[in-house]
Structures are given as C-alpha cells and as structure tokens.
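Worksheet: the structure to be examined is printed underneath.
The values are calculated or read from the model by the stated rules, or taken from the named source; none is laboratory data. Small disclaimer: the values here were computed from a predicted structure and weren't measured. Positions of Cβ are backbone-derived with ideal geometry, glycine not excepted, and every protein chain shown enters the neighbour counts. The protein model used for the area step is the full one, side chains on, heavy atoms only, and it has no ligands, DNA or RNA in it. Shrake-Rupley method; radii C 1.70, N 1.55, O 1.52, S 1.80 Å.
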Amino acid sequence: MAVKLNETAFEHAKTLIDEGDVVVDERDDWSEHQPSTDKENRFIEERGIREYAKWHLATDDEEDDTNKGRYKFPYGDFKKVHRCAILAAESRAGQYKYADVERAASHLHGMIEERRRVRA
C-alpha cells in the first residue's frame, strides 16, 4: 500500500482553518463526530468523489480513484475541520509511519491550537 499526503486536501484544510471553519473539540470525540457511511455516500452522490477526496489527508494509490477506500485520514464533517479528527490522523499516521501525513496533521493541529490561543 502506497499511502501519501493528499496535497489538495491539506491545502483545503488550511484554508478552512484560516477561515474559522473548525470545531475545537476533544481528542476522543471523532467516533461521534465523523460522518456516517450514509452521509459519506450522500456527499459523494451530491458533490462527487473529488470533493470527497478533499476531506482526506491521504490517498492510497493502490485503490481506484473512484473507490472511497482510496481516501484515508478524514479530518472533518464536510463542513468544518474537527480538531479530534486531526489528532486521530496525527496519531495514526505516526503509528503507521506515514511521515508526510503525520507532519501535515501536526501542522494543522498547530494552526488550530494557535487559533484557540489567539481567541482565548
């Protein structure tokens, strides 16, 4: 499996954070906040697989680009970036030694923390 950073998604996430489209939630909230399979499928039907891909920090080039399985490390709910998703991505990417994905998630995490610090 060749998992690599999805640069388009990384840029999309940075833009969303810069614009304030972020949920500063707790580390373990992702299991409750992540979109359901039905919501994912509806999103793809309405917006297409390319838009779906923008919400995932990595791609697996061994999967077909029309397959949801190609897209790894989701970071939001199709509206906002979720801190809990970024933390999960950062941890899992480190665990599996996907250094580029881990660095990107760490960068996004830092952006979120900076926003939180400035707003406090």
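List of remarks:
- Residue match in the stretch 4-16 (condition: surrounded by 13 or more Cβ atoms within 10 Å (Cβ to Cβ) and of a type in the set (Asp, Glu)): no
- Of all residues in the stretch 91-115, exactly one satisfies the criterion of being under 11 Å from the mean Cα position of the chain (by Cα) and either over 14 Å from Ile17 (Cβ atoms) or open to solvent by 50 Å² or more (accessible area, probe 1.4 Å) (or both), namely Val101.
- Pairing residues of the stretch 1-12 that are at pLDDT below 95 with residues that are surrounded by fewer than 20 Cβ atoms within 10 Å (Cβ to Cβ), at Cβ distances under 8 Å and at least 6 apart in sequence or on separate chains, gives Met1/Asp60; Met1/Glu62; Ala2/Asp60; Ala2/Asp61; Ala2/Glu62.
For (1) aromatic (Phe, Trp, Tyr); (2) assigned to a helix (DSSP H, G or I); (3) open to solvent by 40 Å² or more (accessible area, probe 1.4 Å), each residue gets a yes or a no:
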| position | (1), (2), (3) |
| --- | --- |
| Glu32 | no, yes, yes |
| Pro35 | no, no, no |
| Glu40 | no, yes, no |
| Glu51 | no, yes, yes |
| Ala58 | no, no, no |
| Thr66 | no, no, yes |
| Gly69 | no, yes, no |
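- For the stretch 21-30, taking the residues that are assigned to a helix (DSSP H, G or I) and open to solvent by less than 90 Å² (accessible area, probe 1.4 Å), the one that is nearest to Ala85 (Cα to Cα) is identified as Trp30.
- Matching residues, the stretch 87-100, being without any contact (Cβ under 8 Å) to a residue 40 or more places away in the chain and not in a loop (DSSP other than H, G, I, E, B): Ala89, Glu90, Ser91, Arg92, Ala93, Gly94, Gln95, Ala99
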